[in-house]
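The block underneath contains the structure these notes are about, expressed in structure tokens.
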Amino acid sequence: SFRGVIAVDGPSGSGKSTVSKRLAGALGAGYLDTGAMYRAATWAVLRSGAALTDPAAVTAAVHAAELTITTDPTAVAVRVDGQPVDAEIRGETVTAAVSAVSAVPAVRAELIAAQRRIIDAARDTTGIVVEGRDIGAVVAPDADLKVFLTADATERARRRSTENATALAATQADLHRRDQADSKVTKPLEAAADAVTVDTTHDPIDAVVDRLLVLLAERD
Ligand code: C5P
């Protein structure tokens, strides 16, 4: 069975989450949603009342919160100080603030250290599929397979607005804003040199997962 680390990077709406969870399910591997960790950290910052413009206050709020996340691809559960925040972290308030919190270097250092601990615990047991923006380049540069998922901007917005029931134009504008903000820190729209790029604009999710399973088998 699978051992090791698969990095899946790409922007929102690229199909990252669905592909990563299904890939982990097919391999019997764990799954780590690093975006959910940045979202939970953002929820903790908003709860604390810290100003998003004050990096020291943002860092202190993240540091004071106990974030936990499960790695079961069929049941991801995120908690802050024991409180489930799975619904809250997908809402508009957190989504609007997450790029600012993720841009604080001390926040990234803390979350990346936590991500590496989770990855190291799974690497030689179940293996793990890790999704995010900087997994192949920064968090797990030694990953066994690095995947970069893309889709064209209209299709990404269409997927997101179906998920959130928000208007298409507003969603596309919001994704664009977040891509621009995230680009100052990570490379949401750019593949690592050693990543396999898969465009999901026209492909059904299952076809993408099958392609990745073939790529993985070819590597062994
Ligand atoms: O993937 P998702 O849309 O849930 O990510 C939410 C936000 O978390 C991104 O817009 C980005 O600001 C941040 N993020 C990050 N690095 C990661 C994953 C997410 O900076 N590895």
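The values are calculated or read from the model by the stated rules, or taken from the named source; none is laboratory data. Model, not experiment: these values are computed from the prediction. Glycine gets a Cβ as well: all are built from the backbone with ideal geometry, and neighbour counts include every protein chain shown. Surface areas here come from the heavy atoms of the whole protein model, side chains and all, with no ligands, DNA or RNA. Shrake-Rupley method; radii C 1.70, N 1.55, O 1.52, S 1.80 Å.
Remarks
- Candidates in the range 143-159 are the residues that are part of a helix (DSSP H, G or I) and hydrophobic (A, V, I, L, M, F, W, C); of these, the one that is surrounded by the fewest Cβ atoms within 10 Å (Cβ to Cβ) is ALA153.
- Matching residues in the range 179-197 - criterion: being part of a helix (DSSP H, G or I) and without any contact (Cβ under 8 Å) to a residue 24 or more places away in the chain: GLN180
- Filter result (closer than 22 Å to ASP203 by Cβ and outside any strand (DSSP E or B)) within the range 110-142: ARG133, ILE135, GLY136
- For THR200, the criteria (1) free of Cβ contacts under 8 Å to residues at least 60 places away in the same chain; (2) over 24 Å from VAL94 (Cα atoms); (3) open to solvent by less than 40 Å² (accessible area, probe 1.4 Å) hold in every case but one, which is (1).
- Every pair of residues 6+ apart whose Cβ atoms lie under 9 Å, when the first sits in the range 167-178 and is in contact (Cβ under 8 Å) with a residue 24 or more places away in the chain and of a type in the set (Ser, Thr, Tyr) while the second is surrounded by 13 or more Cβ atoms within 10 Å (Cβ to Cβ) and not in a helix (DSSP H, G or I): none
So that you can scan it fast, the table gives a plain yes or no per residue for (1) more than 23 Å from HIS63 (Cβ to Cβ); (2) open to solvent by less than 10 Å² (accessible area, probe 1.4 Å):
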| site | (1), (2) |
| --- | --- |
| GLU88 | no, no |
| GLY91 | yes, no |
| VAL107 | no, yes |
| ARG117 | no, no |
| ILE128 | yes, yes |
| ARG133 | no, no |
| PRO141 | yes, no |
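- Filtering ALA191, ALA173 for residues that are under 27 Å from ARG108 (Cα atoms) and surrounded by 15 or more Cβ atoms within 10 Å (Cβ to Cβ) leaves a single hit, ALA191.
- Exclusive hit being among the hydroxyl-bearing types (Ser, Thr, Tyr) and open to solvent by less than 30 Å² (accessible area, probe 1.4 Å), set THR166, THR186, THR162: THR186
- Taken as a whole, the range 157-179 holds at least one residue that is among the hydrophobic types (A, V, I, L, M, F, W, C), within 12 Å of the ligand (Cβ to nearest atom) and within 27 Å of VAL58 (Cα to Cα).
- When we screen LEU175, LEU168, LEU149 for residues that are under 18 Å from the mean Cα position of the chain (by Cα), among the hydrophobic types (A, V, I, L, M, F, W, C) and farther than 18 Å from ALA24 by Cα, the only hit is LEU175.
- Checking the stated criteria, ILE112 turns out not to satisfy the condition of being open to solvent by 10 Å² or more (accessible area, probe 1.4 Å) and away from the ligand (no atom under 12 Å from the Cβ).
- Helices (runs of 4 or more DSSP H) enclosed by the range 1-109 - at least 2 residues per element that are more than 20 Å from ARG178 (Cβ to Cβ), at pLDDT 95 or above and more than 15 Å from the ligand (Cβ to nearest atom): 16-27, 34-48, 55-64
- Exactly one residue out of ARG47, ARG39 is touching a residue at least 40 places away in the same chain (Cβ under 8 Å) and out of contact with any Leu (no Cβ under 9 Å at 6 or more places or on another chain): that is ARG39.
- Residues of the range 18-39 that turn out to be under 12 Å from the mean Cα position of the chain (by Cα) and closer than 28 Å to ALA64 by Cα, as a count: 9
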